[in-house]
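What follows is one structure encoded as structure tokens, with my remarks underneath.
The values are calculated or read from the model by the stated rules, or taken from the named source; none is laboratory data. Computed from a prediction, not measured in an experiment: that's the story for all the values here. Cβ atoms come from the backbone with ideal geometry, glycine included; neighbour counts cover every protein chain shown. What goes into the accessible areas is simple: the full protein's heavy atoms, side chains included, and nothing from ligands, DNA or RNA. Shrake-Rupley method; radii C 1.70, N 1.55, O 1.52, S 1.80 Å.
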Amino acid sequence: GLFGWMQLPGRLLMTSPRFTPSPAGLVVFSFVLQVIGLGALIVHTHTALIAGVLLFAAGTGLTTLARPYWVLQRYGPDRAGQANGVTARTQQLARAAGPVTAAALADAAGYRPVFAGLAAVLMSVSALTITWSSRAKPLR
């Protein structure tokens, strides 16, 4: 229940007129929250589990809004719709296959390696986001 509820703070942060990060910075910040949340889940104490869910969910809520903002900056208005469609399709496939894959891996190796692997993937995607954004052409 905390997961759905904790997606709201990140989304509410986006409504503040004082909150004006770069699109890439916003995506990376949302991924960092998720990586810290996954790290807390690895610790496996009750407090760490709750903190992990809170941070991961807040990052997820922020990512939901940050992704189209970043895609617009990266691909421009002419290609943003197509890029968002491809991204959304890929994201939905991952959301469908992710829990089944994670459960199978957790059954074989435990949850700590699964959470550590997810954190590594998010850190890699953050690095790619920064790299791709540095090559983006500014909108006119």
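Distance between the modelled labels on ALA102 and LEU8, one decimal in nanometres: 2.3 nm (7 Å Cα→Cβ projection).
Please report, in debye to the nearest 20, how large the charge dipole of the chain is about its Cα centre when each Lys and Arg carries +1 at its beta carbon and each Asp and Glu carries -1 there. Working shown, then result.
Details: 11 positive and 2 negative charges, 105 e Å.
Taking the Cα centre of the chain as origin, the dipole is about 500 debye.
Among THR63, THR129, THR20, whose mean-square fluctuation peaks in a Gaussian network model of the chain (Cα, cutoff 10 Å)? Of THR63, THR129, THR20, the Gaussian network model singles out THR20 as fluctuating most. At the listed q of 0.09, 0.10, 0.21 Å⁻¹, the Debye profile of the chain, built from one uniform point per Cα, gives log10 I(q)/I(0) equal to -0.30, -0.36, -1.39.
Solvent-accessible surface of the chain, taken per residue with a 1.4 Å probe and all protein chains present: 63 Å².
For THR45 and VAL86, compute 0.36 nm times the residue count separating them, minus their Cα-Cα distance, and round to one decimal in nm.
Between THR45 and VAL86, full extension yields an extra 10.9 nm.
Rounded to the nearest 500 deg cm²/dmol, what is the calculated helix-only ellipticity per residue at 222 nm for the chain, with -39500 (n - 2.57) per DSSP H run of length n ≥ 4? Dividing the helical sum by the residues of the chain leaves -30000 deg cm²/dmol.
When the Cα positions of GLN34, THR60, ALA88 are compared along the charge dipole of the chain, ALA88 comes out farthest toward the positive end, with charges on each C-beta of Lys, Arg, Asp and Glu.
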